[in-house]
Amino acid sequence: QVQLVESGGGLVQPGGSLRLSCAASGSILSINLMGWYRQAPGKVRELVADITSGGSTNYADSVKGRFAISRDNAKNTVALQMSSLKPEDTAVYYCNANINSRYYTSNAYWGQGTQVTVSS
């Protein structure tokens with residue numbers, strides 16, 4: 001009943017920028033924390049950044065100063081602006097949202113994942 005749809009992934013050269021977007025839809029009462037995770041080849045999935053409904057942000061040390069997370073509560077969307085990209089940022093990026101619905105409280109939903117490749 002609840003879906004997260006991502007967009008914006010792709011191939012970019014080191015130092016370049018990409019903007020990822022994620023939209024939640026379905027039987028949503030409210031959304032608490034929203035965030036972005038990534039999983040690189042041979043690595044565990046890690047938190048990149050998250051943002052509360054009030055706009056408080058949290059970033060992994062590896063992306064601080066380079067990435068910026070934002071959300072639009074009216075549209076149930078979250079975005080990740082990625083700048084100064086490095087090859088180490090190459091990963092599948094997943095949108096995550098803790099959504100309150102009729103039957104679940106703060107249930108975690110995931111997007112399908114979008115590939116970000118940083119390479120020269």
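The values are calculated or read from the model by the stated rules, or taken from the named source; none is laboratory data. Keep in mind that what you see is a predicted model, and the values were worked out from it rather than measured. With ideal geometry, Cβ positions are generated from the backbone for all residues, glycine too; neighbour counts draw on all protein chains shown. Please note that ligands, DNA and RNA were not included when accessible areas were found on the heavy atoms of the full protein model with its side chains. Shrake-Rupley method; radii C 1.70, N 1.55, O 1.52, S 1.80 Å.
The table that follows gives values for the structure above.
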{"item": "Pairs where the first residue, in the range 80-96, is under 11 Å from Leu18 (Cβ atoms) and the second is of a type in the set (D, E, K, R) and in a strand (DSSP E or B), C-beta under 6 Å, 6+ apart", "result": "Gln81/Arg19; Tyr93/Arg38"}
{"item": "Qualifying position, being under 14 Å from the mean Cα position of the chain (by Cα) and surrounded by fewer than 18 Cβ atoms within 10 Å (Cβ to Cβ), among Ala74, Ala68, Ala79, Ala97", "result": "Ala68"}
{"item": "Top-ranked residue of the range 58-90 - restricted to ones that are in contact with a Ser or Thr (Cβ under 9 Å, 6 or more places away or on another chain) and aliphatic (A, V, I, L, M), ranked as farthest from Ala24 (Cα to Cα)", "result": "Leu85"}
{"item": "Every pair of residues 6+ apart whose Cβ atoms lie under 9 Å, when the first sits in the range 1-13 and is within 9 Å of Val116 (Cα to Cα) and in contact (Cβ under 8 Å) with a residue 12 or more places away in the chain while the second is aromatic (Phe, Trp, Tyr) and open to solvent by less than 90 Å² (accessible area, probe 1.4 Å)", "result": "Gly8/Tyr93; Gly9/Tyr93"}
{"item": "Residue within the range 108-118 that is in contact (Cβ under 8 Å) with a residue 60 or more places away in the chain, open to solvent by less than 60 Å² (accessible area, probe 1.4 Å) and among the polar types (S, T, N, Q) present", "result": "yes"}
{"item": "Criterion: free of Cβ contacts under 8 Å to residues at least 40 places away in the same chain and of a type in the set (D, E, K, R) - qualifying residue of Arg66, Arg38, Arg19", "result": "Arg66"}
{"item": "Residues located in the range 99-120, provided they are in contact with a Phe, Trp or Tyr (Cβ under 6 Å, 6 or more places away or on another chain) and on the phi < 0 side of the Ramachandran plot", "result": "Ile99, Trp110, Gly111, Thr114, Val116"}
